[in-house]
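Comments concern the structure below.
The values are calculated or read from the model by the stated rules, or taken from the named source; none is laboratory data. All values reported here derive from a predicted model rather than from experimental measurement. Cβ: placed from backbone, ideal geometry, glycine included. Neighbour counts: every protein chain shown. Heads up: the accessible areas ignore ligands, DNA and RNA and are worked out on the full protein's heavy atoms, side chains in. Shrake-Rupley method; radii C 1.70, N 1.55, O 1.52, S 1.80 Å.
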Amino acid sequence: MDDELHVTKLSEQRSGNGFLASLLGAAAQGLIWSLMVLGVYITFRILNIADMTTDGSFTLGGCVCAMLMLSGVDPTIALLLGALSGGLAGAVTGVLHTFFGIPAILAGILTQISLWSINLRIMANKSNQSVNRIASDITFFAGRFGLTQSEATLVVGLLAAILAVLLLYWFFGTEIGSSLRATGNNEDMIRALGVNTNSVKLLGLVIANLFVGLSGALVAQSTKYADVNMGTGAIVIGLAAIVIGEVLFRKVRNFGLKLGCSVLGCIIYFMIRALVLRLGMRANDMKLLSAFIVGLALCVPVALSKWREKKSYREYSAEDEEEAEGVGENA
């Protein structure tokens, strides 16, 4: 309680409405949401699966973490259990997809829909629960090092993102991690080599949603409340961050750096949101902005590729005409 009051006083004294303060808050939020982005990257880019579980498992992680904290559970344990609950949601989607043959996108939608009711039950049939007066991992850092809420969130998010990238880089370098990457790249080939692709997909969905649940739990600790709608549009944010990272750092080839680029893409996305809000855009229009960013980031590379092809074709055609004219003059 004392840590919480200390953090509140510091925030009032040091936060303000300045431009740098808004960017700091955006970077902090981008870092803790980047764990969700890494989960989406696993399913979308590595497994080549459009996993719609994300919106539900993100909320599940936040709700479980908040309710456990309200019950007196240590915030770190609540954080880990929130992550595990997200992994369990991914396991349900994985079982529906791999063992019952339901298409991945439909399996994810079924899990996501059911999680809305489950999350509401977890929240004691309330749409939101506040943990404003309960100490968390973020307030611990804030109280220990004399930081504001945004600064503490930035530190915790940075540590979590670095550890997540290092852990995933190590894991995907192992035999089972390489099998997971190969399954997304060429499922028929890896199955012919004797790998059980169903088990690999299930594992990938569990790991991905574990990170999504962890992100939701951290967001609940950061914002000091959990809401049954807090994960709405999370999959769009994840895709936007991934695409932004790939477009801005398209020359990166190292796998670890690609994961890092997704984290940077998430930070950039939240900074764009903060700038747009400061320019007067309504918060209710953020979903439209997210969709626009994703669409623009996906369309620009395709448009540039087509433009380069046309330019190359025109150059070759001009060279052929010049050669033809030269042959005609010599004749």
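Quick notes on this structure:
- Candidates Gly260, Gly231 - the one that is part of a helix (DSSP H, G or I) and among the small types (Gly, Ala, Ser): Gly260
- Considering residues of the stretch 309-323 that are open to solvent by 90 Å² or more (accessible area, probe 1.4 Å) and modelled with pLDDT of 75 or more only, the residue farthest from the chain's Cα centre (by Cα): Arg314
- Condition check for Gly94: in contact with an Asp or Glu (Cβ under 8 Å, 6 or more places away or on another chain), modelled with pLDDT of 95 or more and either within 23 Å of Thr59 (Cβ to Cβ) or of a type in the set (Ser, Thr, Tyr) (or both): no
- Residues of the stretch 41-69 that are hydroxyl-bearing (Ser, Thr, Tyr) and not in a helix (DSSP H, G or I): Thr53 alone.
- Pairs where the first residue, in the stretch 282-305, is touching a residue at least 12 places away in the same chain (Cβ under 8 Å) and the second is open to solvent by 60 Å² or more (accessible area, probe 1.4 Å) and acidic (Asp, Glu), C-beta under 9 Å, 6+ apart: Ala297/Glu246; Pro301/Glu246
- Apart from one condition, Leu38 fits all of (1) in contact with a Gly (Cβ under 8 Å, 6 or more places away or on another chain); (2) part of a helix (DSSP H, G or I); (3) crowded, with 21+ Cβ neighbours inside 10 Å; the exception is (1).
- Scan of the stretch 87-108 for residues that are assigned to a helix (DSSP H, G or I), open to solvent by 30 Å² or more (accessible area, probe 1.4 Å) and over 30 Å from Val156 (Cβ atoms), ordered by number: Val95, Leu96, His97, Ile105, Leu106
- Taking the criterion of being more than 22 Å from Ala160 (Cα to Cα) and without any contact (Cβ under 8 Å) to a residue 60 or more places away in the chain, the residues of the stretch 119-143 that qualify are Arg121, Ala124, Asn125, Lys126.
- Here Ala241 does not qualify as under 26 Å from Gln149 (Cβ atoms), touching a Gly at 6+ places or on another chain (Cβ under 9 Å) and either of a type in the set (Asp, Glu) or part of a strand (DSSP E or B) (or both).
- The set of residues in the stretch 192-211 that are within 21 Å of Leu158 (Cα to Cα) and in contact with an Asp or Glu (Cβ under 9 Å, 6 or more places away or on another chain) comprises Ala208, Asn209.
- For the stretch 70-86, the tally of residues that are open to solvent by 40 Å² or more (accessible area, probe 1.4 Å) and either in a helix (DSSP H, G or I) or not aliphatic (A, V, I, L, M) (or both) stands at 9.
- Residue pairs whose Cβ atoms lie under 6 Å apart, separated by 6 or more positions or on different chains, with the first residue in the stretch 252-265 and under 14 Å from Ile242 (Cβ atoms) and the second of a type in the set (Phe, Trp, Tyr), are Cys261/Phe249; Ser262/Tyr41.
The rows are residues; the columns are (1) on the phi > 0 side of the Ramachandran plot; (2) part of a helix (DSSP H, G or I); (3) modelled with pLDDT under 75.
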site	(1), (2), (3)
Cys266	no, yes, no
Met281	no, no, no
Trp307	no, yes, no
Gly328	no, yes, yes
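- In a residue-by-residue description of the stretch 212-231, the property of being closer than 15 Å to Phe58 by Cα and open to solvent by 60 Å² or more (accessible area, probe 1.4 Å) applies to at least one position.
- Exactly one residue out of Arg181, Arg144, Arg191 is under 20 Å from Ile77 (Cα atoms), assigned to a helix (DSSP H, G or I) and open to solvent by 50 Å² or more (accessible area, probe 1.4 Å), and it is Arg144.
- Filtering the stretch 245-268 for residues that are crowded, with 17+ Cβ neighbours inside 10 Å and within 13 Å of Thr54 (Cβ to Cβ) leaves an empty set.
- Options Phe44, Phe19: the member that is hydrophobic (A, V, I, L, M, F, W, C), out of contact with any His (no Cβ under 7 Å at 6 or more places or on another chain), within 23 Å of Glu151 (Cα to Cα) and touching a residue at least 60 places away in the same chain (Cβ under 8 Å): Phe19
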